[in-house]
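Colleague: Let me give you the structure first, and then I'll get to my questions.
The values are calculated or read from the model by the stated rules, or taken from the named source; none is laboratory data. Nothing here was measured: the structure is a model prediction, and the numbers come from that model. Cβ atoms come from the backbone with ideal geometry, glycine included; neighbour counts cover every protein chain shown. Heavy atoms of the whole protein, side chains included, go into the accessibility calculation; ligands, DNA and RNA do not. Shrake-Rupley method; radii C 1.70, N 1.55, O 1.52, S 1.80 Å.
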Amino acid sequence: GKAKVYDMIVPLHYQIALSKETVDKYGASDCKEAIDYMYGNLSDSIVSVDTLPNLISHNEEYLYFRTDHHWTARGAYYAYLAFCEEKGIEPIKLESYQRLEFKGFLGTFYANAKQPVAMKQNPDYVEAFVPMGTNEEVVYDSNGNKIAEYAIVYTKADKYDAGKKYTAFIGGDQPLIEIHNPNITDGSSIVVVKES
């Protein structure tokens, strides 16, 4: 009763990029069916966010990496639009953000597939949209001990190795990160729990 809970399940890339006929031809599971099943088992107090329509309508854009299992910041933005619509708030326009691009990213698919030449010759790029409110974070370890407090400097990602450019986002996967936005003065807050 103290917080409103939203659930946003991210569909796999093939559900966005491939036609239903192609998905069926290769016997892949239907992500929409799986997501609907999971949402159908949630408590009525949890609000599910349907990201599929927004992602499908923008499937010609760079929404998922080719050499990595993550979606791109652009893909996450279209899911954010679905969240804003569900929550009834006005989203910030994508063009309002400062856009950065880090070329030469080779992700987990590249690493796990024993670094195929074809992927190396066609690397991804990491697109980042710099938050307007703050770029400062406090990082904690899995025991709750503060291990770092710093300003995120996105431009450092230019200097990262090809496999680490994705850590341009909040410095990588950490057990707990706090970000305080000085522009939010209404007492509201958000907790994001991700499974990654």
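Colleague: What pairs can you find where one residue is in segment 45-73 and under 26 Å from VAL5 (Cα atoms) and in contact (Cβ under 8 Å) with a residue 24 or more places away in the chain, the other is charged (D, E, K, R) and not in a helix (DSSP H, G or I), and their Cβ atoms are less than 6 Å apart, with a gap of 6+ or different chains?
Modeller: ILE46/ASP7; SER48/ASP7; THR72/GLU127; ALA73/GLU127
Colleague: Report whether or not TYR125 is outside any strand (DSSP E or B), hydroxyl-bearing (Ser, Thr, Tyr) and either under 19 Å from the mean Cα position of the chain (by Cα) or at pLDDT 90 or above (or both).
Modeller: Values: outside any strand (DSSP E or B): no; hydroxyl-bearing (Ser, Thr, Tyr): yes; either under 19 Å from the mean Cα position of the chain (by Cα) or at pLDDT 90 or above (or both): yes.
Criteria not met by TYR125.
Colleague: Now a separate question. Within segment 182-194, identify whether any single residue is open to solvent by less than 100 Å² (accessible area, probe 1.4 Å), at positive phi, part of a loop (DSSP other than H, G, I, E, B) and not polar (S, T, N, Q), and answer yes or no. Outline the logic, then answer.
Modeller: If we filter segment 182-194 for residues that are open to solvent by less than 100 Å² (accessible area, probe 1.4 Å), which is where we start, we get 182, 184, 187-188.
Subsequent filtering for residues that are at positive phi retains 187.
If we keep only those that are part of a loop (DSSP other than H, G, I, E, B) as well, we get 187.
Checking the rest, the ones that are also not polar (S, T, N, Q) come to 187.
Looking through segment 182-194, at least one residue is open to solvent by less than 100 Å² (accessible area, probe 1.4 Å), at positive phi, part of a loop (DSSP other than H, G, I, E, B) and not polar (S, T, N, Q).
Colleague: Give the residues of segment 126-145 that are surrounded by 14 or more Cβ atoms within 10 Å (Cβ to Cβ) and more than 27 Å from ILE184 (Cα to Cα), sorted by residue number.
Modeller: Scanning segment 126-145 gives a single hit, VAL126.
Each row is one residue, and each column tells you yes or no for (1) of a type in the set (A, V, I, L, M); (2) assigned to a strand (DSSP E or B); (3) open to solvent by less than 70 Å² (accessible area, probe 1.4 Å).
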| residue | (1), (2), (3) |
| --- | --- |
| ILE35 | yes, no, yes |
| SER48 | no, yes, yes |
| PRO53 | no, no, no |
| TYR62 | no, no, yes |
| ASP68 | no, no, yes |
| ARG74 | no, no, yes |
| CYS84 | no, no, yes |
| LEU100 | yes, yes, yes |
| PHE109 | no, no, no |
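Colleague: If we keep just the residues of segment 137-181 that are of a type in the set (A, V, I, L, M) and assigned to a loop (DSSP other than H, G, I, E, B), which is nearest to the chain's Cα centre (by Cα)? It would help to see each step written out before you state the result.
Modeller: Within segment 137-181, the subset of a type in the set (A, V, I, L, M) is 138-139, 147-148, 151-153, 157, 162, 168, 170, 176-177, 179.
Cutting the leftovers down to assigned to a loop (DSSP other than H, G, I, E, B) gives us 152-153, 170, 179.
Values: ILE152: 17, VAL153: 18, ILE170: 12, ILE179: 17 Å.
Among those that are of a type in the set (A, V, I, L, M) and assigned to a loop (DSSP other than H, G, I, E, B), it is ILE170.
Colleague: Please verify whether ASN122 is touching a Lys or Arg at 6+ places or on another chain (Cβ under 9 Å) and either open to solvent by 50 Å² or more (accessible area, probe 1.4 Å) or in contact (Cβ under 8 Å) with a residue 60 or more places away in the chain (or both), treating the condition exactly as stated. Quick ask: steps written out before the conclusion?
Modeller: Details: touching a Lys or Arg at 6+ places or on another chain (Cβ under 9 Å): yes; either open to solvent by 50 Å² or more (accessible area, probe 1.4 Å) or in contact (Cβ under 8 Å) with a residue 60 or more places away in the chain (or both): yes.
Spelling it out, ASN122 is indeed touching a Lys or Arg at 6+ places or on another chain (Cβ under 9 Å) and either open to solvent by 50 Å² or more (accessible area, probe 1.4 Å) or in contact (Cβ under 8 Å) with a residue 60 or more places away in the chain (or both).
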